[in-house]
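Report on the structure given below.
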Amino acid sequence: MSKVLKLNPLYMEKIWGYEKWILSTHKNGISFVDSDQRNLLECIGRELPILIKEIKANNNLSVQVHPSDDYANKYENDFGKTECWYVLDADKDATLICGLKDGVTKEDFKNALECSNVEGLLKRINVKVGDMIYIPAGTVHAVEGGIKILEIQQCSDVTYRIYDWGRDREVHIDKALDVINFNSDVNYGRIENFTRLESPYFIVEKLIIDGEYIDHCGDNYCVYICLNGSGTITMKKNGNAISISELDTIYISQNIGCKINGSIEVLKVVDKITLN
């Protein structure tokens, strides 16, 4: 059944800030549908292989890593987690952690953990509004304080904490060491002059619209997230229009044509896994 749904997030308060799960059918948190008593999973009748969050970090998140599909399926009964971050807001001189410094080996990292000296091996990058950061499974990373992002990821809730800035929460060192990619054979980090990212799991594209934009969801569903401005999304088939403004999220099922009108900047996310 064709569906066009405006979504409301599931809000989760954290010790470092908050998360809003704006598109999720995961068992640990399902987003809502605007003007409907049902949640997203109830409305569409299936689980989605991607999950989208808004994350606001007032303080540093833990230094962490996510497993691949094979490892997560074997040990966690869940999917792996490749993700990307689009920076919505950032303090002046804000940084985040993405990867390890060049040449760091598994033994180096293990020794640093034992000596509580891991911070010196982490790779920090300065970020600003509009940056896109790609984080494949196996990449050590952390959002630091003073940053708000959109996180597009596989539908997984598996995180292995490595270092937590003295907050004394549980860490998962053995599993983290199993899954960290210490090789330089995977591209990760900031995508310069971002307009489009294609991973094995999703495609993310930034569209800047001034007037009218015609689009069509092909064999898979797509998601529009408004970054700036305001406008409407009108369905070609029935003429129904949905208003959109900053951080509104619209789910559109496959094989639906639409027209976006307005002065508006959006992220379009397309899942690459589910083809119905």
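What chymotrypsin sites (Phe, Trp or Tyr not before Pro) in region 17-62 are in a loop by DSSP, with at most 11 other Cβ atoms within 10 Å of the Cβ?
On the way: sites: Y18, W21, F32; in loops: none.
For chymotrypsin sites (Phe, Trp or Tyr not before Pro) across region 17-62 that sit outside H, G, I, E and B with at most 11 neighbouring Cβ atoms in 10 Å, the list is empty.
Modelled spin labels at H216 and K128, positioned 7 Å past Cα toward Cβ, are 3.9 nm from each other. Placing a label point 7 Å from the Cα of E114 along the Cα-to-Cβ direction, the residues of region 164-179 whose backbone N falls under 20 Å of that point are 164, 171-179. GNM on the chain, alpha-carbon springs under 10 angstrom: the most fluctuating residue among V65, V33, V104 is V104. Taking 18 Å as the straight-line reach from the Cα of K14, the lysines in range (excluding those fewer than 8 positions away in the same chain) are K53, K56, K148.
Counting only protein heavy atoms and using a 1.4 Å probe, what share of the accessible area of the chain belongs to carbon plus sulfur, as a whole percent? Please list the in-between numbers first.
On the way: 5530 of 12880 Å².
With neighbouring chains kept in place, the figure for the chain is 43 percent.
GluC sites (Glu not before Pro) within region 209-276: which are DSSP loop residues with at most 14 other Cβ atoms inside 10 Å?
Passing both the DSSP loop test and the Cβ count: E246.
For the chain, the convex hull spanned by the alpha carbon atoms encloses 131 Å³ per residue.
The local environment of I173, defined by Cβ-Cβ distances under 15 Å, has a net charge of -3 under the rule Lys, Arg +1 and Asp, Glu -1. Each part gets one Cα centre, and for region 205-276 versus region 126-193 those centres are 28 Å apart.
How high is the relative contact order of region 204-255, in percent, with contacts defined as C-alpha pairs under 8 Å that are six or more residues apart? Show your work: numbers first, answer last.
Values: 65 pairs, mean separation 22.6, N = 52.
Relative CO of region 204-255 lands at 43 percent.
For the chain, modelled as a GNM whose springs connect Cα atoms under 10 angstrom apart, the maximal fluctuation among C217, C115, C258 occurs at C115. Ignoring solvent entirely, what values of log10 I(q)/I(0) come out of the Debye formula for region 1-121 at 0.10, 0.16, 0.17, 0.18 Å⁻¹ when each Cα is a single scatterer? With no solvent term, the Cα-only Debye profile gives -0.46, -1.01, -1.09, -1.16.
If R0 is taken as 35 Å, the Cβ-Cβ distance between N58 and I209 corresponds to a FRET efficiency of 0.65. Taking S253, S263, S31 as the candidate residues, the one with maximal mean-square fluctuation in a Gaussian network model of the chain, Cα springs under 10 Å, is S263.
The values are calculated or read from the model by the stated rules, or taken from the named source; none is laboratory data. On a predicted model such as this, the values are computed, not experimentally measured, just so you know. Here the Cβ is made from the backbone with ideal geometry for all residues, glycine too, and neighbour counts use every protein chain on show. Surface areas here come from the heavy atoms of the whole protein model, side chains and all, with no ligands, DNA or RNA. Shrake-Rupley method; radii C 1.70, N 1.55, O 1.52, S 1.80 Å.
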